[in-house]
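Quick notes on the structure that follows.
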Amino acid sequence: MAQHAGYARWVWNWALRMWDEAYKEGLKPSANKLKKFYTNHVKPNYLWQKTLSSRVYQFVFLHLGQAFTRFFSGLADKPRFKKKGKNDSFTLDNCGKVMEFSGTRLKLPFIGWVSTYEPLPQVQTKRLTISRVADQWFISVAYEFEAEPTNKLKAAIGVDLGVKELATISDGSVFHNPRAYKRAQRKLARLQRQLARKQKGSNNRQKVKLKLAKAYQQVTNIRQDTIHKLTSWLTKNHGAVVLEDLNVSGMLKNHKVAGAIADSAFYEIRRQVEYKSQWYGSQVIYANRFYPSTKTCSDCGHQQGMPLNVRVFNCEACGMVKDRDLNAAINLERLAVGSTVECLTDRVLPTVLDDAGSKLQKVTL
């Protein structure tokens, strides 16, 4: 698998370099043109590539073409060169034939039998992607499934996202922010200093590099676990989930709170709520970006200023005293029950489902 990942990385870097050179010469490169040139004039010169699956490099050109299409459409940055240890992945298929997988023993095209840590359900797929994170290999397969709406405990719920508490729900529930990156900063800094002191190319440097990769992966796992639990609970148990239409990119420009906001992963919460709402039959409503949910009293509707350091909403009109985040969440919930405040209910929701509603499942090898 490491050889195939290196093969994919080598072809990607070659193709990207050729694309850049052709563009500088005033030509109009394309993935298909580069693929034909590579197959006829470059691949025969490297005998070691004949021992690996030819499907790998074909998917590389397909992915490169898609990457430049997104770049020219303004949806993504320009494709970059891949580096060993950071971009170890490759895609395979069975020459267009359907592959059937189940359990913990999988027979992969060209590679053979592998064992997985987690069992796969009975699935049929046409392609798979294998990637390495730290010292673990993952296999991702796309398969079709029937969405199953769940019984809802409540018609609507308001969610106020924050840094101190990850999410405050209008029913009083609170999901605490693990602050995984902040808690791991000292450990990460120590490993980075050790890595900087090791001689490049040495075995000791590789050992520290692996420890650092594991530490970063642990931060990601903690954050993802918390967010998945939050978003699954919201979409499974509530008919409508009301969120604020936060300007996350603009918030990240404030360097005083950018680190805390990035650690909270607001956009990832939004992304997961959107696609899980389609799985479980719920609706996502976005409050207008300028809707004053924090400044409005949830009892009488009076609006007043609320500095960021004031954590309790004390209404000057009716005397109501309530946590500012809970007050904001209650105001958001009311947008789903007939309030005249403008909300973005006609938003076209993006999806992470593959072709014809396929669900991505990731299994540890």
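The values are calculated or read from the model by the stated rules, or taken from the named source; none is laboratory data. Source: prediction; values computed, not measured. Here Cβ is always computed from backbone atoms with ideal geometry, including for glycine, and neighbour counts include all displayed protein chains. Side chains are part of the model used for accessible areas, which takes the heavy atoms of the whole protein and leaves out ligands, DNA and RNA. Shrake-Rupley method; radii C 1.70, N 1.55, O 1.52, S 1.80 Å.
Things worth noting here:
- Residue-averaged [θ]222 nm for the chain, counting only DSSP H segments that reach four residues, each worth -39500 (n - 2.57): -12500 deg cm²/dmol
- For q = 0.20 Å⁻¹, Debye-computed log10 I/I(0) when each Cα of the range 1-117 counts as one equal scatterer: -1.18
- Both radii are taken from the alpha-carbon atoms of the chain; with Rh as the Kirkwood radius, Rg/Rh is 1.03.
- The candidates MET251, MET99, arranged from most to least accessible area with a 1.4 Å probe in the full protein assembly, appear as MET251, MET99.
- Residues of the range 118-133 with an amide N closer than 18 Å to a point placed 7 Å from the Cα of PHE145 along the Cα-to-Cβ direction: 118-129.
- Accessible surface of the chain, 1.4 Å probe, proportion on carbon and sulfur as whole %: 50 percent
- Sorted peptide list for 115-124, 3-12, criterion being average Cβ within 10 angstrom, highest first: 3-12, 115-124
- Overall form of the range 196-315 per C-alpha gyration tensor (a/c, 1.5; a/b vs b/c): oblate
- Where only alpha carbons of the range 98-146 are counted, the Rg and the Dmax (Å): 10.8, 34
- With N the number of residues in the range 133-274, Rg(Cα) / (2.2 N^0.38 Å) evaluates to 1.31.
- Residues ARG289 and MET320, FRET efficiency given R0 of 30 Å [Cβ-Cβ distance, rounded to 0.05]: 0.75
- Note on the range 73-186: Lys pairs 8 or more places apart or on different chains, Cα atoms under 21 Å apart, count 5.
- Computed from the Kirkwood radius of its Cα pairs, the Stokes-Einstein diffusion coefficient for the range 83-179 at 10 °C and 1.306 mPa s stands at 92 µm²/s.
- HIS176, HIS302, reordered so the largest accessible area comes first (probe 1.4 Å): HIS176, HIS302
- Scattering curve values for the range 122-190, log₁₀ I(q)/I(0), Debye with Cα scatterers, q = 0.11, 0.16, 0.28 Å⁻¹: -0.66, -0.95, -1.19
- Sequentially through the range 58-64, phi angles give Karplus couplings (6.51, -1.76, 1.60; θ = phi - 60°) of 5, 6, 4, 5, 4, 5, 5 Hz, Gly and Pro residues having no value and appearing as x.
- With all protein chains kept in place, the per residue accessible area of the range 65-205 amounts to 65 square angstrom at a probe of 1.4 angstrom.
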